[in-house]
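The values are calculated or read from the model by the stated rules, or taken from the named source; none is laboratory data. In this text, all values refer to a predicted model and were calculated from it rather than measured experimentally. Reconstructed Cβ throughout: ideal geometry from the backbone, glycine too, with neighbour counts over all protein chains shown.
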Amino acid sequence: MNPLLSVKNLKKSYGKFLLNNLSFEIYEKEMVGFLGPNGSGKTTTIKLIMNSIQKDGGEIIFDGKKIEKDDFTFRSYIGYMPESGTPYEFLTGREYINFILGVFKVKKDEKKLDELFRIFNLKEEKKKIGKYSKGMKQKLLFISAIIHNPKLLILDEPFNAVEPQTAFLMKNILNTLKKDGVSILFSSHTLEIVEKLSDRVILLNDGKKVAEGEIDKIKRDGGVEEFFKRVIISSEDDDNIKKIVEIIKE
Ligand SMILES: Nc1ncnc2c1ncn2[C@@H]1O[C@H](COP(=O)(O)OP(=O)(O)O)[C@@H](O)[C@H]1O
Ligand SMILES: [Mg+2]
């Protein structure tokens with residue numbers, strides 16, 4: 001089976017930081033958890049896939065076609081939830097979604113939007129986004145990622161600041177979409193969610209892929225937290241914990 005998304009030898013440098021020859025694939029109908037400490041390069045990778053920043057090397061192939069520098073046609077097949085919210089704080093929720101649909105030439109549907117706002121209990125959709133709480137922004141971004149029925153969802157920390165009932169709703173939607181054939185790549189620091197949702201996990205550290213594994217195998221070996229700890233957390237951390245406790249007790 002051909003992958004839906006192939007990332008090959010991806011490179012990007014920002015001063016000292018180097019995303020170094022990152023390669024991975026996302027197949028049809030799979031949900032992949034993207035893990036790594038702060039600053040390990042998850043958001044950079046996601047932005048490179050979305051073509052919103054320029055890469056320094058490598059290639060990205062979506063649905064058999066290489067994504068070229070100024071080509072955004074692929075965006076109508078991908079649902080994207082950025083990490084840092086939206087810069088369009090002066091728009092209302094409804095205006096924002098219609099704007100995004102317009103940019104990617106997807107047909108607007110006010111009825112569909114009404115239904116989604118109702119289900120997500122986004123009553124303040126008419127308020128300017130600048131006045132939304134963080135959780136409300138996340139709901140809006142999630143709706144804008146799924147509304148056009150994409151083949152691939154790329155979600156950068158989608159559960160961050162989301163209330164439990166909405167997180168529950170989002171997880172169920174993602175599982176249902178996956179069964180319907182959608183592929184999903186999502187980053188998260190919540191290891192329990194990653195363990196529950198993912199079929200496979202990719203772990204970055206300092207711009208490099210340091211581990212990758214099937215969730216069933218990871219669970220047999222002690223779970224996602226163990227997987228993360230084995231690779232990322234060194235014995236120095238035990239010493240640091242002792243030091244911190246000593247410092248604050250002084
Ligand atoms: N626009 C930028 N200019 C300079 N450095 C950046 C920029 N964006 C990200 N970085 C750096 O790239 C590294 C990776 O960041 P990021 O991809 O956001 O990590 P993550 O999402 O895994 O927390 C960090 O060292 C960050 O400071
Ligand atoms: Mg990030």
List, please: which pairs have Cβ atoms under 8 Å, are six or more places apart or on different chains, and start with a residue in segment 77-90 that is of a type in the set (D, E, K, R) and end with one that is within 14 Å of ligand 1 (Cβ to nearest atom)? Glu83/Thr43; Glu83/Ile46; Glu83/Asp156; Glu83/Glu157; Glu83/Asn160; Glu83/Ser187
Can you name the residue in segment 30-45 that is within 29 Å of Lys107 (Cα to Cα) and out of contact with any Asp or Glu (no Cβ under 6 Å at 6 or more places or on another chain) and is also nearest to ligand 2 (Cβ to nearest atom) among such residues? Thr45
For segment 42-54, what are the residues that are within 13 Å of ligand 1 (Cβ to nearest atom) and within 21 Å of Leu153 (Cβ to Cβ)? Lys42, Thr43, Thr44, Thr45, Ile46, Lys47, Leu48, Ile49, Met50, Ser52, Ile53
Just to be sure, is Gly39 of a type in the set (Gly, Ala, Ser) and either under 15 Å from Ile184 (Cα atoms) or under 20 Å from the mean Cα position of the chain (by Cα) (or both)? yes
Expected output for segment 103-120 (first residue closer than 11 Å to His148 by Cβ, partner modelled with pLDDT of 85 or more, Cβ below 7 Å, 6+ apart or cross-chain) is Phe104/Arg75; Phe104/Ser76; Lys105/Ser76; Val106/Ser76; Val106/His148; Lys108/Asn98; Lys108/Leu101; Lys112/Ile147
Just to check your reading of the model, which residue among Leu48, Leu4 is within 16 Å of ligand 2 (Cβ to nearest atom) and either surrounded by 21 or more Cβ atoms within 10 Å (Cβ to Cβ) or within 30 Å of Glu125 (Cβ to Cβ) (or both)? Leu48
Taking segment 60-76 and keeping residues of a type outside the set (S, T, N, Q) and without any contact (Cβ under 8 Å) to a residue 40 or more places away in the chain leaves Lys65, Lys66, Ile67, Glu68, Lys69, Asp70, Asp71, Phe72, Phe74, Arg75
Which listed residue is polar (S, T, N, Q), surrounded by 14 or more Cβ atoms within 10 Å (Cβ to Cβ) and part of a loop (DSSP other than H, G, I, E, B), from Asn149, Asn160: Asn160
Looking only at segment 12-41, filter to residues that are within 7 Å of ligand 1 (Cβ to nearest atom) and crowded, with 17+ Cβ neighbours inside 10 Å; which one of those is farthest from Glu226 (Cα to Cα)? Gly41
Exactly one of Tyr132, Tyr77, Tyr88 is touching a Phe, Trp or Tyr at 6+ places or on another chain (Cβ under 6 Å) and either surrounded by fewer than 21 Cβ atoms within 10 Å (Cβ to Cβ) or not hydrophobic (A, V, I, L, M, F, W, C) (or both), and that one is Tyr88
